[in-house]
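Q: This structure is in structure tokens; I'll ask about it shortly.
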Amino acid sequence: IPPGTFELFWLDMKKPGSPAPKIEILSFKMMSHAVTNQDFIGFVKNNPEWRKSHVSSIFAEKDYLFQFESDLKLKKGVLPNAPVNYVSWFAARAYCASQNMRLPMTNEWEYVGSASETAKKAVKDPDFLKRILEWYGKPQTNEGLPPVGQTYRNVYGLYDMHGLIWEWVEDFNANLVTGESRSDSSFNRDLFCGSGSLSAGDKENYAAFMRFAFRSSLKGSSATWNLGFRCVK
């Protein structure tokens, strides 16, 4: 991924209407698609502490690897090349570390997530945003997730940034508002995770606010049907 600038998702209640600050994104490498079930089976084979029957409740809630029938076997109908889901932030971090990689920071993910098939910054493209929102609006079904690489490929060569799963980031709730929201105008920046959005300061970009809210609602042990990850370095 080449370097560039990114406009932060910024909610400064003390300076309403102020422009969102821009930061520089350094070059980094990113997996072209999300980690799959088969990838994760290989990981838990070598790291039994992250198997469904072994993992500590501190690091994963009860639905962890719900799509697995047993420690090393998927349930009937679950595809090996579908993205791994029902995986906690702790487990995702451990997987990336095993590959000498890490989870992306929010700003890194949003930087590449703002790209369409033809543009690096597609956040002003109504068709691009409409496609994301329509996917966000789809209800959960009993059908398993499809294979990776089946949605669009953006200009960076990344598949499924939108349209398949939501993805963990390293700092998923660092911008979580603390205290009573009516009077608390600061963010707790000591939390271990972070949140952000596609296009900071753009109140028409509802898709970005949805991601901000979703990330802020998560815990490190959360494991849900539509949440997976990919790694960077």
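The values are calculated or read from the model by the stated rules, or taken from the named source; none is laboratory data. It should be emphasised that the depicted structure is a prediction, and the values quoted were computed from it without experimental measurement. Ideal geometry is used to build each Cβ from the backbone, glycine not excepted, and the neighbour counts take in all protein chains shown. Heavy atoms of the whole protein, side chains included, go into the accessibility calculation; ligands, DNA and RNA do not. Shrake-Rupley method; radii C 1.70, N 1.55, O 1.52, S 1.80 Å.
Q: Would you mind computing, in nm to one decimal, how far apart the modelled labels at K75 and R153 are, each placed 7 Å from Cα along Cα→Cβ?
A: Going from the K75 label point to the R153 one covers 3.2 nm.
Q: By the gyration tensor of its Cα atoms, with a ≥ b ≥ c the square roots of the eigenvalues, what is the shape of the range 114-179: rounded for a/c under 1.5, prolate for a/b over b/c, or oblate?
A: It comes out oblate by the Cα gyration axes.
Q: Note down the nm distance, to one decimal, between modelled labels 7 Å out along Cα→Cβ at S32 and at F66.
A: The modelled label-to-label distance comes out at 3.2 nm.
Q: Please tell me which of these pairs span more than 19 angstrom C-alpha to C-alpha: K62/K219; K22/K121; K45/K219; K45/K73; K130/K219; K130/K233?
A: K45/K219; K130/K219; K130/K233
Q: To continue, here is another question. Quick one: pull the percent of accessible area on the range 71-171 belonging to carbon and sulfur, 1.4 Å probe, ligands and nucleic acids left out.
A: For the range 71-171, the apolar C and S fraction of the accessible surface comes to 51 percent.
Q: What net charge is computed for the residues neighbouring S222, neighbours being all others with C-beta under 14 Å from the C-beta of S222, Lys and Arg scored +1, Asp and Glu -1?
A: Net of charged neighbours comes to +1.
Q: Let me ask another. Does the range 64-155 come out rounded, prolate or oblate, given a ≥ b ≥ c as the square roots of the eigenvalues of its C-alpha gyration tensor, rounded meaning a/c under 1.5 and, failing that, prolate meaning a/b above b/c?
A: Oblate.
Q: Could I ask something else about it? Give the long-range amide H neighbours of L218: residues separated by 5 or more places, or on another chain, with amide H under 5 Å away, using H modelled in the peptide plane at 1.01 Å from N.
A: Result for L218 returns nothing.
Q: In terms of the Cα gyration tensor, with a ≥ b ≥ c the square roots of its eigenvalues, is the range 13-84 rounded because a/c is under 1.5, prolate because a/b exceeds b/c, or oblate?
A: In terms of gyration-tensor shape, prolate.
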